[in-house]
Each structure stands twice: as C-alpha cells, then as structure tokens.
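Where a number appears in this text, it was derived from the coordinates with a stated rule and is not lab data. On a predicted model such as this, the values are computed, not experimentally measured, just so you know. Heads up, the Cβs are rebuilt from the backbone with ideal geometry, glycines too, and the neighbour counts pull from every protein chain shown.
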Amino acid sequence: MEVLRKKEVSFFRLFLLLCVLFSRFDFSKNGIGFTVFINGYCENNNSTFNIQQNCGWKIISEATSDMNKVFFVDSIKGWIVGDSGRIYTTDDGGTTWLPQNSETENTLVSVYFMDNQNGFAAGYNRTLIRTNNGGDTWTTVEVNGDSGLIYSSLGPGAGDSIYFISNFGEVHCSGDSGHSWSNSYNFNQYGFSYLDCSNSPTCYAMQILMGGFYKSTDGGKEWERKLIDIEWSGDIYFLNDSIGWISEDWIVSSAWHDSVSLYLTLDGGETWSRQSTLEGKSLRNIVFLSNFEGWLTELGTSRIYYSPDSGKSWMGQFECDSLGWIKDIFFLKDRNGWALTNQGTIIKYGVLTVSVDKSDNTYADKYILNQNYPNPFNPSTTIAYDLQQESQVMLTIYDILGREVIRLVDKRQPAGIQKVIWDGKDSFGQIVPSGIYLYSLKTTSGFNATKKMVFMR
C-alpha cells in the first residue's frame, strides 16, 4: 500500500447550494491558502484538519472533470462514469484511464460490473446502458413503466439478479444478468438514492427525505419502513444483512441541531444506536470493510476520515483542497480502495509494504507485516499482515527497551489478510505511556518481522 504524507491547509469554507442529486446537496467552496504537489502527495499548509501519518492514500492520476461514480472488479480493472455520458476505464489500478464511447450524452451516476466484460451504467433521463465487452461498446436498455427521472444505485442481488432504483422510488430487478427487467415495487415517493440487495432476499432502500429507511425480506417485492430518529438522511452502508450504518445530513439537519450523528444497527435496521456525533459536517460516503474498520467523506470537501472502532471515533486520513471535493469512494474486500473527486482526480488506498533492503526481514515474498494505521495513533490502531499459508502466529507489542507490553495474537491462523486492533493498553488493561513501541510478528514457517509505531496520549 502507498502512504500519504501531508500537511493540510486551513480553509474558510462557504457552502453554496448548487443542485440536488438524488436529493443530495452538492456544494462549492472558497479557499484561502496554498497547495503543492510532491511526488504524488498533496501538502497543504496552515491546517487545522488533523491528518494522521501513514494513512495509506495517494494521488495517482487524473481522468477528466465532472465524474460521479467509481467501480472496480479487481485491483487493476475499473471504470468511472460522469456528466455528459463520460465513461473511462483503467487496466492498471487507476494510474491511467482511457475514454469509452457510451453512446449517450446524459449524466451517468451509477456503474456496476458483474465481471471485467459485462456491466451497466445508469443516470439521468431514465438512462440505462450495458456492455458485454468491457465497455468497448455500449447499448441502451429499455425499461418500461418507470416514473423517475434518474436511475441510480445499480447493484447485485442473489445469483444472476441485478437491481436498481429510480429517484421516484421505483425498484427494478433483473433475474437474468440484465437481459430483461421488471418493476418489482413502486414506493410512489420522491427522494430515493440508495438500494442494496447484495444480501438478497434481504434488501435495503433509503429515502433522503426525513430519514426514510426501508427493508424488504423477499427480494424487493414488499417493503416496510423502519423507524430511525434522523431529520434528514446523509448516507447509508450495509456490511451484511444485519450490520449497517446511517448518517444524518447536517446541511438540512442543522436547522434543528448543531451536529449530526452516525448510527449503527446490528439487527438489520430494527433498532439503531448512536455511534458518534460530528459537529458541522455533512457526510457523503460511508463504507465499512468489517465490523470495525470504515471510512467516510465530508460533503463539499476533499476530506476522508477513518474509524477503527465501528464508527465510534473518526480521524482524518486525507485532504487536498486543490483537487476539488470527493464524489465517491469505493473499496474491494482486499482493502484496495479508490476515491474520486469532482475534478476527476483518482486517489488510491492500499496496505503499505515499506521498501527495505535485502538484509531487512520486514518484507518476505510470502509473508508481509504492514505498517500499522493510523500512525501515530490515539486511541487505537490496526495492525495488518498477510499469511501466505496457515501458520501458528505470535504478534507481540514491546516497549522501546524490548520489554513485552502485550501479546495480541498467539494462535494458529488461516492464510490470507489478518487484522488486529490494539487499543493502547498493556496485558493488565492499563493505558500505556506515550512513546515509541515495537510490534513483532513471528510464524512457525520462519517469518520474523518487527516495525515501529507511535502512541500519543
């Protein structure tokens, strides 16, 4: 993974309402300060936005302006879609982008691919287009009976099913990989921008207006509104059919409150609990890769926040005002992630493997110990490591004098990416002093690696 190292500029922001997109508000801003780019990094000066170091984000490319959505099928193949029917594709993880002819001039706001050949894009004026050759050619898909002006939130269901919803709440479903479509439900209400049937038959839908949240347990045929104490919805994300997060939109909710809250459900939206409160922010994009690890963006800014604890606390990971503001954020399960700005800049996230010389054993061909993130940290940090094969693993924290602080892992673990959160406490449950600490990974296969981290109280 790459690491973004930057200082941030302090900006006085004046948000002006421009338009409504799926009933979301897009805003411009005025900035004071300066920004410089050094080897792909953005350095802003005089910042009050507290950026954690080793945060994993790096500016990698620019495509074109007025882009809205990003999607990757794997770590190298992806697409972005935007205004005037613009579609770009990449074969190298986002470093270079090539335009594709969508055969439409309508704004595209959603994109989804089943594999690297078959995919769909959707947007304004009831636009739905598909490709079966990776986007080399696109054809229009006719969908009957829709009352909405915007098609949005394309995504998978069970098996070969694909779903999308219109801004007027009409749910469409295809059971044959998009060859034919039917209208499975009509809410007959305005303001829908989110539909998730990836855990079908359980589906979720969100209406921005007055915190409208709906759940279906039969693949989108029937829906029930679930109660949640939100004046106006910002964004929503479900990890599975039980665990999900929803945020308030500050721009509207500020008429009632000075802050917005992020809520968590553990029972599929039946009940919600407040996880955190953020003053004066309007949250645009939420994504979680596990019960604990998540990211969100702030509407009208280039800020990206990270949470290691299910959304209870958030810390800054990225900001670069000269890039415009972040429109979308997308993650694969392998923790490769991309953020897309309205100016077409691509920002990439990935687990960093520090460059070392041959004598250093922090890197191995088959095993990798990654730099903890965030670093420095408070109150907690995540340690990730790759196991090429099943191994007995010992992960231990030491102080700078080599004394054992706590053993986080001492067990056999399967091959793959492993993640452990350290809360800054020793084996007795006491918070350790500020300072430099070492974390060591040993396996029965002979891998032995040690890295430094900084805890700040």
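Below is a table of values for the structure above.
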| read-out | value |
| --- | --- |
| Karplus (6.51, -1.76, 1.60) ³J(HN,Hα), θ = phi - 60°, over region 321-338, in Hz, Gly and Pro reported as x | 5, 5, 7, x, 10, 6, 8, 8, 9, 9, 10, 8, 5, 7, 6, 6, x, 9 |
| Contact order normalised by residue count of region 84-170, Cα under 8 Å, 6+ apart, percent | 21 |
| Efficiency of FRET from Cβ geometry, Thr217 and Glu105, R₀ 35 Å, rounded to 0.05 | 0.35 |
| Under-5 Å amide H pairs with Val405, H placed in peptide plane, nonlocal only | Ile397, Tyr398, Asp399 |
| Per-pair calculated FRET efficiency, R0 = 45 Å: Arg225 and Leu438 via Cβ, rounded to 0.05 | 0.30 |
| Rounded Å value of the spacing that divides the Cα centres of region 289-322 and region 139-170 | 29 |
| For region 367-455: relative contact order, % (alpha-carbon pairs under 8 angstrom, 6 or more apart) | 32 |
| Integer Hz, Karplus 6.51/-1.76/1.60 couplings in order for region 160-166, x for Gly and Pro | 9, 7, 9, 10, 8, 10, 9 |
| For Leu239, distant residues with modelled amide H under 5 Å away | Gly244, Trp245 |
| Part-to-part distance (alpha-carbon centres) for region 174-238 and region 65-135, which is given in Å | 23 |
| Gain in span if fully extended, Asp66 to Arg274, counting 0.36 nm per residue against the direct Cα distance | 71.5 nm |
| Full-stretch length increase - Ser182, Ser313 - with 0.36 nm per residue and alpha-carbon distance subtracted | 43.0 nm |
| Packing rank of 405-412, 391-398, 319-326, 419-426, where each peptide gets the mean count of other beta carbons within 10 Å, highest leading | 319-326, 391-398, 419-426, 405-412 |
| ³J(HN,Hα) computed for each position of region 140-153 - Karplus, 6.51 cos²θ - 1.76 cosθ + 1.60, integer Hz, glycine/proline x | 6, 9, 8, 10, 8, x, 8, 9, x, 9, 10, 8, 8, 6 |
| Amide H partners (placed H, <5 Å) of Lys69, local residues excluded | Val81 |
